[in-house]
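Accompanying notes for the structure given below.
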Amino acid sequence: MNNKAIDLANSVWFKNNNQGEILYDQSWFTEHFLTEDSTLEIPLKASFIEQLLTLRTLLLEILSTGEISELQREQLDEYLSKAIYHPKISYKDGIMSSSWFCVSDYENQLLSEIAQDLIRLFSENKIEHVKTCSNDECQYYFIDHSKNKSKKFCSSKCNNLIKMRRYRAK
């Protein structure tokens, strides 16, 4: 999905083989949040998972209303201030470019990136395009990229499931 804020918010719907919180599942977490150059220690520290759970609660409150209150803005600012960045020159395929390098630890960098992704939805006026899946059993958040912004389901799987249920109900 390429939006870590929405991925973290949607993690509330995942279950770890019916054992509870999915954020404790290292392979799931690695797949959704880590990059090749991450320096985050696996297994995750319990204190970091607690920070993620707190941030997820904040994200769910904001996404459900589509607005950020003053208190929520202050909380997001706290997450944003955790990471310290500076520009760094890099080469890829013989082409020089500038990218941002995080000086702080990867835990704080990730918390900051998740908050940045949420702020980006608001600053780029995409928050209106964040929708909840119309499948009552799913309820995932997704960004509607369709031309007329009429998408109702997070995936074709949910769309087909609902179509099949309607067909069988006839």
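The values are calculated or read from the model by the stated rules, or taken from the named source; none is laboratory data. Note that the structure is a prediction, hence the values are computed from the model and not measured. Cβ coordinates were reconstructed from backbone atoms using ideal geometry, including for glycine residues, and neighbour counts include every protein chain displayed.
Listed values, structure above:
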| quantity | calculated |
| --- | --- |
| Out of Asn148, Asn135, Asn108, Asn160, sole residue that is more than 22 Å from Gln51 (Cα to Cα) and surrounded by 14 or more Cβ atoms within 10 Å (Cβ to Cβ) | Asn135 |
| Every pair of residues 6+ apart whose Cβ atoms lie under 9 Å, when the first sits in the range 145-162 and is in contact (Cβ under 8 Å) with a residue 24 or more places away in the chain while the second is of a type in the set (Asp, Glu) | Cys158/Glu137; Leu161/Glu137 |
| Every residue from the range 41-80 that is modelled with pLDDT of 90 or more, of a type outside the set (Val, Ile, Thr) and not in a helix (DSSP H, G or I) | Gly66, Glu67, Ser69 |
| Residue list for the range 114-144, restricted to those being in contact (Cβ under 8 Å) with a residue 24 or more places away in the chain, farther than 22 Å from His32 by Cβ and among the charged types (D, E, K, R) | Glu128 |
| Residue in the range 84-92 that is of a type in the set (D, E, K, R) and part of a loop (DSSP other than H, G, I, E, B) present | no |
| Residue in the range 57-73 that is surrounded by 11 or more Cβ atoms within 10 Å (Cβ to Cβ), more than 20 Å from Tyr141 (Cβ to Cβ) and over 18 Å from the mean Cα position of the chain (by Cα) present | no |
| Positions within the range 76-115 being aromatic (Phe, Trp, Tyr) and touching a Ser or Thr at 6+ places or on another chain (Cβ under 9 Å), in sequence order | Tyr79, Tyr85, Tyr91, Phe101, Tyr106 |
| Residue match in the range 113-124 (condition: on the phi < 0 side of the Ramachandran plot, touching a Cys at 6+ places or on another chain (Cβ under 8 Å), β-branched (Val, Ile, Thr) and not assigned by TED's automatic domain parsing to the domain that holds Lys149) | no |
| Residue list for the range 35-51, filter: within 23 Å of Gln75 (Cα to Cα), free of Cβ contacts under 8 Å to residues at least 60 places away in the same chain and not hydroxyl-bearing (Ser, Thr, Tyr) | Leu44, Ala46, Phe48, Ile49, Glu50 |
| All positions within the range 114-127 that are surrounded by 11 or more Cβ atoms within 10 Å (Cβ to Cβ) and part of a helix (DSSP H, G or I) | Ile114, Ala115, Gln116, Asp117, Leu118, Ile119, Arg120, Leu121, Phe122, Ile127 |
| Some residue of the range 77-89 being under 26 Å from Ile42 (Cα atoms) and either among the acidic types (Asp, Glu) or not assigned by TED's automatic domain parsing to the domain that holds Val12 (or both) | yes |
